[in-house]
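Encoded as structure tokens, the structure appears first; notes follow it.
The values are calculated or read from the model by the stated rules, or taken from the named source; none is laboratory data. Quick caveat, the model's predicted, so the values are computed rather than measured. Every residue, glycine among them, receives a Cβ derived from its backbone with ideal geometry; neighbour counts consider all protein chains shown.
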């Protein structure tokens, strides 16, 4: 099969991969870049565990072909903490017990980061709507809502 070169930046590091055009972005991130924080859950785009930021926008990486990442900036959960300090969203999820098994957490964190850029003062309804594409089978979402509100407060100050 024909192969193509995908040059991209993931978490501020430049990469060049020789891949098949049908490779999914989630597989490029996990298998080629070795960043396994992005989880492949349902492979249908329904669970959101594979959510990453592609040029600042959330995408479900199990639904995006790797060639779309050519020349793009990708941010994964591994790229949130800076200089050994957790991102305010990570800190809020920890403090509010907004995670249990942790499988959905990377996608939830990435969704929250992008969401709070667009809506720094969300209502509970705004938060519920923002998470309509992310499934969690453990927490019941109440602590996730609390964490998003705490992160919004922290990021504002």
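Below, the figures for the structure above:
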read-out	value
2 or more residues in contact (Cβ under 8 Å) with a residue 40 or more places away in the chain and exposed (fewer than 15 other Cβ atoms within 10 Å of the Cβ): qualifying helices (runs of 4 or more DSSP H) within the stretch 102-157	none
Only listed residue being at pLDDT 95 or above and closer than 30 Å to residue 4 by Cα, chosen from 109, 54	54
Subset tally (residues that are under 18 Å from residue 142 (Cα atoms) and either part of a loop (DSSP other than H, G, I, E, B) or modelled with pLDDT under 95 (or both)) for the stretch 74-101	6
Unique match (being farther than 20 Å from residue 139 by Cβ, assigned to a loop (DSSP other than H, G, I, E, B) and free of Cβ contacts under 8 Å to residues at least 12 places away in the same chain) among 45, 34, 71	34
Test: residue in the stretch 52-65 that is surrounded by 23 or more Cβ atoms within 10 Å (Cβ to Cβ) and part of a loop (DSSP other than H, G, I, E, B)	no
Test set (1) in contact with a helix residue (DSSP H, G or I) (Cβ under 6 Å, 6 or more places away or on another chain); (2) outside the structural domain of residue 35 (by TED's automatic domain parsing) - residue 117 fails condition number	(1)
From the options 68, 22, residue that is in contact with a strand residue (DSSP E or B) (Cβ under 7 Å, 6 or more places away or on another chain), outside the structural domain of residue 149 (by TED's automatic domain parsing), modelled with pLDDT of 95 or more and surrounded by fewer than 21 Cβ atoms within 10 Å (Cβ to Cβ)	22
Candidates 104, 96, filtered to the one that is farther than 17 Å from residue 46 by Cα and either in contact with a strand residue (DSSP E or B) (Cβ under 7 Å, 6 or more places away or on another chain) or outside the structural domain of residue 10 (by TED's automatic domain parsing) (or both)	96
